[in-house]
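The values are calculated or read from the model by the stated rules, or taken from the named source; none is laboratory data. For clarity, every value in this text was computed on a predicted model and none was experimentally measured. Quick reminder, even Gly has a Cβ in these numbers, built from the backbone with ideal geometry, and neighbours come from all protein chains shown. Ligands, DNA and RNA are stripped out before the accessible areas are found, and what is left, the full protein with its side chains, is counted by its heavy atoms. Shrake-Rupley method; radii C 1.70, N 1.55, O 1.52, S 1.80 Å.
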Amino acid sequence: MSGVFLTFEGIEGSGKSTQIRRLSAHLHTCGVDVVLTREPGGTDIGRALRRVLLSTEGEPPHPSTELLLYAADRAQHLSEVIEPALERGAVVLCDRYLDATLAYQGYGRELGVDRVLELHAAPPLDRRPDRTLLIDLDPEDGIARARARNRDLGLEAEEGRFEAEQIRFHQKVRAGYLELAGAEPGRFRLISGDGTEEEVEARVLSAVTDLWPSLREISR
Ligand SMILES: Nc1ncnc2c1ncn2[C@@H]1O[C@H](COP(=O)(O)OP(=O)(O)O)[C@@H](O)[C@H]1O
Ligand SMILES: [Mg+2]
């Protein structure tokens, strides 16, 4: 038995966490065995790495350090959470995955896509998602949403490293994501993050109803 591995991608504030929670709840209602997880921070080791990666305090990591810490988080996440869940036939919904490292470290930090892919050539890091939903949004809108959220939740110092980057950085990340999606149209579904949460949700549902036809009832 093999499950389904679905990842959500997009810039800060595009609505990934909001939409993945909604989809997870719908699948749960349909009786699907769902594992909702995220990167970085899907394991105990990963949560320690998340603090290092996203905190605005102290010296920022060198781009190479950043890349290796994301890969370390992912290797643990795959072996401890994702692979065992897929083996038992579960649906794994993951909030950010390899494409985030390609977009942020490969394009944003300009380490290059090849450098990132080389690190992901051997097990456990060679696992690819069955489907990836890229929620696309103008960085001006995404960062405004993300900053307001972090302010409300008091997460600015703890999680604000990328939100504090210049808009130019986020534009590189967005362009990187769009290039990745264009190169793999079979795996990616491009979803506009504009509009209300409900409008985006309807797009998300229609991007996965071929996998779970019972979701069609909800999206009507
Ligand atoms: N379609 C939307 N319109 C307006 N605000 C939204 C929308 N979707 C999410 N938000 C809000 O924007 C903020 C960022 O959304 P979130 O899902 O956390 O984004 P991400 O996980 O991609 O960073 C949250 O405060 C969320 O409530
Ligand atoms: Mg999020």
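Here are some notes:
- Of all residues assigned to the stretch 75-84, none qualifies as being at pLDDT 95 or above, within 16 Å of ligand 2 (Cβ to nearest atom) and polar (S, T, N, Q).
- Neighbours by Cβ (under 7 Å, 6+ apart or cross-chain): first from the stretch 1-18, closer than 23 Å to Phe169 by Cα; second aromatic (Phe, Trp, Tyr) and crowded, with 23+ Cβ neighbours inside 10 Å: Thr7/Tyr97; Glu9/Tyr177; Gly10/Tyr177; Lys16/Phe8
- Search result, residues across the stretch 1-18 that are open to solvent by 10 Å² or more (accessible area, probe 1.4 Å) and either of a type in the set (D, E, K, R) or away from ligand 2 (no atom under 16 Å from the Cβ) (or both): Met1, Ser2, Gly3, Val4, Glu12, Lys16
- Pairs where the first residue, in the stretch 158-181, is of a type in the set (Ser, Thr, Tyr) and the second is surrounded by 20 or more Cβ atoms within 10 Å (Cβ to Cβ), C-beta under 6 Å, 6+ apart: Tyr177/Ala103; Tyr177/Leu134
- Qualifying residue in the stretch 115-126 (condition: modelled with pLDDT of 95 or more and in contact with an Asp or Glu (Cβ under 7 Å, 6 or more places away or on another chain)): yes
- Of the residues making up the stretch 22-41, those that are touching a strand residue (DSSP E or B) at 6+ places or on another chain (Cβ under 7 Å) and either without any contact (Cβ under 8 Å) to a residue 12 or more places away in the chain or not small (Gly, Ala, Ser) (or both) are Leu23, Leu27, His28, Val32, Asp33, Val34, Val35, Leu36, Thr37, Arg38, Glu39.
- Among residues of the stretch 168-193, those that are under 20 Å from Asp95 (Cβ atoms) and either within 16 Å of ligand 1 (Cβ to nearest atom) or of a type outside the set (Asp, Glu) (or both), counted: 15
- If you go through the stretch 24-40 and keep only what is within 11 Å of ligand 2 (Cβ to nearest atom) and either open to solvent by less than 70 Å² (accessible area, probe 1.4 Å) or of a type outside the set (D, E, K, R) (or both), you end up with just Glu39.
- Qualifying position, being at pLDDT 95 or above, closer than 18 Å to Leu155 by Cβ, within 16 Å of ligand 1 (Cβ to nearest atom) and open to solvent by 50 Å² or more (accessible area, probe 1.4 Å), among Arg50, Arg96, Arg21: Arg21
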